[in-house]
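Enquirer: I'd like to ask you about the structure that follows.
The values are calculated or read from the model by the stated rules, or taken from the named source; none is laboratory data. Please read all numbers here as calculations on a predicted model, not as lab measurements. Positions of Cβ are generated from backbone atoms using ideal geometry, with glycine treated the same way; all protein chains shown enter the neighbour counts.
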Amino acid sequence: MTHRRLRNMLKTVVLITAIVCSTSCVYRMDIQQGNLLDESNIEQVAIGMTRNQVRFLLGTPMVSDSFHHDRWDYTYYFQSGRSPNVDRRWFIVFFQNDEVTRIERDAILTPTS
């Protein structure tokens, strides 16, 4: 083999190695959205509490639907980098006359009709 051919093969091997190494090391950041609520605060929410009391414990809801004034949705979504595992949590508080009437934990959200 000539030096030129050996040099070209070496360049090709180095280039392919660099491409393979650079594509496998792409950083994927964590994705976090919504309200991460303390379990102790969630347990304190009770039927009969006012909106202000719930807001004091849990903060402003992630979703305050203009079509459903008597419902506050606290949602949380977390995916760590390349992990296929996703942590989803839902906490829904229903009000009537500005007082809590119903609470749903880890509810499966479905579109309303």
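Enquirer: What's the number of the only condition in (1) outside any loop (DSSP other than H, G, I, E, B); (2) in contact with a Ser or Thr (Cβ under 8 Å, 6 or more places away or on another chain); (3) β-branched (Val, Ile, Thr) that Ile47 fails to meet?
Expert: (1)
Enquirer: While we're looking at this one, here's another question. So which residues in region 64-82 are at pLDDT below 80 and in a strand (DSSP E or B), if there are any at all?
Expert: Result: Ser64, single match.
Enquirer: Suppose we filter Arg55, Arg102 for residues that are outside any strand (DSSP E or B), of a type outside the set (Gly, Ala, Ser), closer than 19 Å to Ser40 by Cα and modelled with pLDDT of 90 or more; which single one remains?
Expert: Going through Arg55, Arg102 in turn, the sole match is Arg55.
Enquirer: If you don't mind, there's one more thing I want to ask. Every residue in region 39-57 that is under 11 Å from Ile103 (Cβ atoms) and under 23 Å from the mean Cα position of the chain (by Cα), please.
Expert: Within region 39-57, Ile42, Glu43, Val45, Val54 meet the criteria.
Enquirer: Can you find a residue that is within 21 Å of Val100 (Cα to Cα) and either under 23 Å from the mean Cα position of the chain (by Cα) or at pLDDT below 80 (or both) anywhere in region 18-36? Give the derivation first.
Expert: Quick first cut of region 18-36, residues within 21 Å of Val100 (Cα to Cα) only: 35-36.
Then drop every residue that is not either under 23 Å from the mean Cα position of the chain (by Cα) or at pLDDT below 80 (or both), which leaves 35-36.
Yes, that holds for at least one residue.
Enquirer: When you scan region 72-83, do you find a residue that is on the phi > 0 side of the Ramachandran plot and touching a residue at least 12 places away in the same chain (Cβ under 8 Å), even just one?
Expert: So far as region 72-83 goes, yes, one or more of its residues are on the phi > 0 side of the Ramachandran plot and touching a residue at least 12 places away in the same chain (Cβ under 8 Å).
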